[in-house]
Every structure is written in structure tokens, then in C-alpha cells.
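The values are calculated or read from the model by the stated rules, or taken from the named source; none is laboratory data. All values reported here derive from a predicted model rather than from experimental measurement. Cβ placement follows ideal geometry from the backbone for every residue including glycine, while neighbour counts extend to all protein chains displayed. Quick note on the areas: whole protein, heavy atoms, side chains included, nothing else; ligands and nucleic acids left out. Shrake-Rupley method; radii C 1.70, N 1.55, O 1.52, S 1.80 Å.
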Amino acid sequence: MEHHGERLRIALVAPPWYPVPPEGYGGIELVIYLLAHQLAEAGNEVTVLGREGGGDDFEMVALSPDEWTEDLGSRDHLAREAAYVWRAYDLIQRARFDVVHDHSGYLGLAVASLLDLPAAVVATLHGDLDDADAAFLGSVDERVALVALSHSQARLVKGVRWAGVVPNAVDLEELTFREDADDYLLELARITPEKGQHVAIEVARRSGRRLVLAGKVAEDAREYFEDEIKPHLGDGVEWVENVAGGDKARLLAGAAGMIFPIAWSEPFGLAMVEAMASGTPVIVTPRGAALELVEAGVTGIFGDDVDGLVAGVQRLDQLDRRRCHDRARERFSPQRMAAAYEDVYRAAMA
């Protein structure tokens, strides 16, 4: 990454639950790791505040122990989060940073916006947004430079001033490429109705393709899994609950296509980008960020409904896997993400 201007002292505030880099699950933590690594490589002084157990060529300050991860979703969750945010901003007030980039969520964002920090404060919104979010974000957007992951995510809320839109990067070194893929379709996502695994099963059936579903069952989707997914397992449909590292890279690179029949306006979609960067085109419903991430006829095919998705599967061999791979790696590289964030930092400082 090309460095433009004075070196910056940057604090990246991660969520308290998973290490940076993560050891498996942890999409936000992986993005923070890639960003920290690139910013440090460009000559900046980078400090990551987060859970113990991480680290790399940047300074890592552990403010939450690994056993706290067990409290995620429990009654102690909020108390743990509050303790973590207090520790993080207590440290930030006593240190000297040019930029504080918060990824920890609304509690961190609220605290950062109220403190009169000498540093510029930037925050990335990693989730779904609605009217309640708009009310909160609209009240802090003058004190914090807010960053969206996609224009689609930014459009979900009215009346919010955005400092920028920076797509997430993926870890290109962890991914592999195969010119000659196998015939199976893959959906890599949490198992939940809005991710549409039941639709993926129907599309695979009608296309005469094997289907691999990879992902944990979401806490609130047990019934969906039992009723809509489990009865189909074994009959050309395979479910892998946990997939990471080399296994995940091989699964992505070996698929004929990644099917993503999403039924909601997804704010980003890291798995889609990981597939495309592995040379595996995406067959996806035209909703949310998919419209920005996928280039029709180059890195994927859009289909409005089951018929359209089946037609997309039939057209997979018309797409050039090498071109798909090259294009996605150019658009979603860690270098490109870090350079875009550095522009946001310098604008916020100014």
C-alpha cells in the first residue's frame, strides 16, 4: 500500500469477544486484522484493543480475557461489553492517538462521541440498519466519521451523514484457486431463513447438482433447520457445521458456484467475496450489497427467484473462473481497503 502523508498513530477498537486475528469464527475481527496489518505495513503506528490471544506486526492490547466469549448472548453480555468499552476508552484518553477507529458497536460509538477526544473518531457499522439506528446515528454523525460497508447499507437509514463507504477486504493469502472446479454448489453462511438455505436445496435439486451447506445454525433458527433443512440431508445435500482455514479454502475453490439466495438486504456478504476471489462465481438474488459486490457475467449471475437461480446455475460454465478470481482480488484486497480508510482518517482529522 502506498503511504501518503505523515505516519498516523491509530487505535483500532475491536469487539471484546474474539481474538484478532480470529481462530475460526470472527468476520469483523478478520477485517480488523487485515486493516491493522496493512496500516502498519504502510508505516503507521497501529494499536489494536481487543480480546487476549491475538497479535501480529502491530501492538495488541488485551482488554478482555478469552473466557468472556462464553458470556456472549448471556445475561452477563452487557456488563462485559460495558466493562470492555470503559477499559478501552480509559486507555485511549490517557494515550496519544491521531485516529480512533471503533468497530465495537453502539456502546463504544456512544462513549467515543461524548468524550472530547483530541483524536479524530471513525466508526464502521458492520450490521443491518433500520429507523432506530437512523435516530442514533443521526445524533452522533457530526462527532464521529461514520463508515458504511456498502451504498446499500448506507441507504437503509435516512438523514445520516456518512464519511465514506469502504467495502470489507478478504484474506487473499488464505484463499486458493482451481481452474477445474467440481460440480457441487456451495452456500457458506449461517443457517437462517433470510440466508435461504431451503431455496438453495430446491435450486440444487432442479439443477441436478450436489449441494454443500457450510455454517452454524443461528440460535433463533433451530426450528427452521429441523423442519426445512435436516430432512434433506444425505440426499445430495451435505451440511458442514464448522469450516475454517485450508478446508474452507478448498471448499470455496472447488465449488462450481456459490449459491446465495438471500431474502433480505444484506449489508455486505464476506462469503460472496471469498468465493469470487477463489475464482468461484456467485449465483445470487439481486438484493442489498450483492448488487455492488457481484459483477454480472464476470464474477456472478443474478436470479430473481428459483427459476432465475436455476438458469444461473446452467450458465456457470460460461463464466471465466480466472477472470472472476482476478477481478475480485483487485476490488477487495486488504491494500485497497486500508488505503480507503487512510483517506477517511485524514479527512476526519482535517
Subset of segment 139-167 that is within 13 Å of Y106 (Cβ to Cβ) and not β-branched (V, I, T) - its residue that is farthest from the chain's Cα centre (by Cα): S139
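Look through R87, R80, R96 and report the one residue that is among the basic types (K, R) and exposed (fewer than 15 other Cβ atoms within 10 Å of the Cβ). Write out each step before concluding.
Details: R87 fails: exposed (fewer than 15 other Cβ atoms within 10 Å of the Cβ); R80 fails: exposed (fewer than 15 other Cβ atoms within 10 Å of the Cβ).
So the residue among R87, R80, R96 that is among the basic types (K, R) and exposed (fewer than 15 other Cβ atoms within 10 Å of the Cβ) is R96.
Residues are listed down the side, and each one gets a yes or a no for (1) more than 15 Å from Y345 (Cα to Cα); (2) of a type outside the set (S, T, Y); (3) out of contact with any strand residue (DSSP E or B) (no Cβ under 9 Å at 6 or more places or on another chain); (4) assigned to a helix (DSSP H, G or I):
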position	(1), (2), (3), (4)
G54	yes, yes, no, no
M60	yes, yes, no, no
G73	yes, yes, yes, no
R96	yes, yes, no, no
S113	yes, no, no, yes
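Would you mind finding the one in Y224, Y184 that is under 20 Å from C324 (Cβ atoms), hydroxyl-bearing (S, T, Y) and modelled with pLDDT of 95 or more?
Values: Y224 fails: under 20 Å from C324 (Cβ atoms).
Just one listed residue meets the conditions, Y184.
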Pick from segment 126-138, criterion assigned to a helix (DSSP H, G or I) and open to solvent by 10 Å² or more (accessible area, probe 1.4 Å), ranking: nearest to A347 (Cα to Cα): G138
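For L39, are the conditions met, namely being modelled with pLDDT of 95 or more, crowded, with 23+ Cβ neighbours inside 10 Å and either within 30 Å of V240 (Cα to Cα) or polar (S, T, N, Q) (or both)?
On the way: modelled with pLDDT of 95 or more: yes; crowded, with 23+ Cβ neighbours inside 10 Å: yes; either within 30 Å of V240 (Cα to Cα) or polar (S, T, N, Q) (or both): no.
Taking the combined requirement at face value, the residue does not satisfy it.
Take the residues of segment 324-339 that are assigned to a helix (DSSP H, G or I), hydrophobic (A, V, I, L, M, F, W, C) and within 16 Å of the chain's Cα centre (by Cα): which is farthest from T299 (Cα to Cα)? Talk me through it step by step, then tell me what you get.
Just the residues of segment 324-339 that are assigned to a helix (DSSP H, G or I), to begin with: 324-331, 334-339.
Add one more test, that the residue is hydrophobic (A, V, I, L, M, F, W, C), and what stays is 324, 328, 337-339.
Applying the additional criterion that residues be within 16 Å of the chain's Cα centre (by Cα) yields 328, 337-338.
Numbers: A328: 7, M337: 19, A338: 23 Å.
The selected residue is A338.
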Set A42, A83, A62: member being aliphatic (A, V, I, L, M) and under 27 Å from D128 (Cα atoms): A83
Criterion violated by K230 - all others in (1) buried (at least 17 other Cβ atoms within 10 Å of the Cβ); (2) in a helix (DSSP H, G or I) satisfied: (1)
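Would you pick out the residues in segment 139-153 that are under 25 Å from R287 (Cα atoms) and in a helix (DSSP H, G or I)? Spell out how you get there, then give the answer.
Going through segment 139-153, the residues under 25 Å from R287 (Cα atoms) turn out to be 146-153.
Hits for segment 139-153 are H151, S152, Q153.
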Residue match in segment 270-277 (condition: of a type in the set (V, I, T), at pLDDT 95 or above and within 30 Å of D133 (Cβ to Cβ)): yes
Segment 324-350 residues that are on the phi < 0 side of the Ramachandran plot and open to solvent by less than 10 Å² (accessible area, probe 1.4 Å), paired with ones that are small (G, A, S) and part of a helix (DSSP H, G or I) (beta carbon under 7 Å, 6 or more apart): A328/A277; F332/A277
Which numbered condition L213 misses (of (1) without any contact (Cβ under 8 Å) to a residue 40 or more places away in the chain; (2) open to solvent by 50 Å² or more (accessible area, probe 1.4 Å)): (2)
Every residue from segment 175-227 that is in a helix (DSSP H, G or I) and touching a helix residue (DSSP H, G or I) at 6+ places or on another chain (Cβ under 6 Å): P193, Q197, H198, I201, E202, V203, R206, S207, Y224
Count - residues of segment 291-323 that are open to solvent by 80 Å² or more (accessible area, probe 1.4 Å), among the acidic types (D, E), part of a helix (DSSP H, G or I) and farther than 14 Å from A256 by Cα: 1
